[in-house]
Amino acid sequence: MGEQIARPEPVQHEPAWPTGGRPKPDRRRLVGQIGEDLAAQYVEKLGWQILARNWRTRNGELDLIGADGSTLVIVEVKTRASRTYSDPLAAVTPEKLRRMRLLARQWLAQQERFWEVIRFDVVSIQLDVSDPEDLARATWWHHVGVEE
């Protein structure tokens, strides 16, 4: 199991729903954006250099690509504001890990730098179901070196 991580500073986002309490249609996107922003802040506080965020090809997307010293780290960010999983890591399937490796190879083919060590991590964030923007109630994990 991954190590639970400290909370970075709050990120400002528009409210997930207006005062009337009805969810906006893009709540899922908001939850994902909150998670990706928090994960980026977290790895920067660890001293990593962020090389790319939301890198896309027709084959998919890599959420975060960073350098942890001389190690290239491909990070999948899984954020949930539901009770489907106790740790959103459960949503990272072997197929997802295979796709991450494929995308990492594509990203590396476009780079001039050679990386001797490449690692795949998952930052999983469980937000409060009723108020995903209440980060004080969030639970976080950093899973280092995730494999099938």
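Here, each number is a calculation from the coordinates, and none is a lab measurement. Bear in mind that the values here come from a model prediction, so they are computed numbers and not experimental data. In this analysis, Cβ positions are derived from the backbone assuming ideal geometry, glycine residues included, and neighbour counts consider all displayed protein chains.
Computed from the C-beta positions of Ser82 and Glu44 and an R0 of 22 Å, the FRET efficiency is 0.20 to the nearest 0.05.
Cβ-Cβ distance of Arg27 and Ser70, R₀ of 41 Å, FRET efficiency by 1/(1 + (r/R0)^6): the value works out to about 0.55.
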